[in-house]
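K.L.:
After the structure tokens below, expect a handful of questions from me.
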Amino acid sequence: MRLILSYILYFIGDIISRTLMFWGYGFKFYNKIMLWSVDLDQEGKIWKHVKPKKQGKRKMLKKILEFIDGVFEEEKEQPVLGTLYKIKGEVLPFRYIRFTNEVYSNKPVYHFKHHQLKQYKFNDLSKVERKANKEEVRIYNLIKDHVNEVAENNN
């Protein structure tokens with residue numbers, strides 16, 4: 001039913017465009033009829049490109065604000081060598097030990113290490129949450145002594 005009504009409105013709009021608009025009249029009426037025809041043709045059989053549904057003002061405003069936030073998003077502060085940082089998904093902090101560039105792509109590589117136990121290499125700082133707090137630094141230093149003892153015993 002909608003498709004038939006859409007076709008009838010399209011036909012009426014076409015007649016208006018060939019008659020009244022030829023003499024400079026009926027543009028508003030033509031415009032309204034054609035927009036109704038597009039709205040009724042949800043499957044795109046009469047109109048090749050169906051007009052997308054209008055978004056609410058809040059959704060549009062939300063998208064605009066997200067875009068602006070993305071443009072003005074501040075880059076993370078570069079890590080300081082030798083400083084402990086909390087990494088997402090890890091309980092203990094890791095020490096930032098070195099910065100290098102990848103050979104072929106020249107992308108930055110940030111190296112983090114937790115004693116001799118575990119190392120991470122990141123191309124961006126999105127996995128780094130923050131600097132380690134005092135309690136995390138204290139625990140890191142306590143573990144450091146134990147790890148050094150174990151490393152000496154194994155050698």
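The values are calculated or read from the model by the stated rules, or taken from the named source; none is laboratory data. A quick note: this is a predicted structure, and the numbers were derived from the prediction, not measured. Methodologically, a virtual Cβ is constructed for each residue, glycine included, from the backbone with ideal geometry; neighbour enumeration extends over all protein chains shown.
K.L.:
Just checking, how many residues over the range 95-141 are under 18 Å from Leu81 (Cβ atoms) and among the small types (Gly, Ala, Ser)?
P.N.:
1
K.L.:
Quick one: is Asn148 surrounded by 11 or more Cβ atoms within 10 Å (Cβ to Cβ) and not assigned by TED's automatic domain parsing to the domain that holds Ile87?
P.N.:
yes
K.L.:
Just to verify a result, which residue in the range 78-106, among those that are among the basic types (Lys, Arg) and surrounded by 11 or more Cβ atoms within 10 Å (Cβ to Cβ), is nearest to Glu136 (Cα to Cα)?
P.N.:
Lys86
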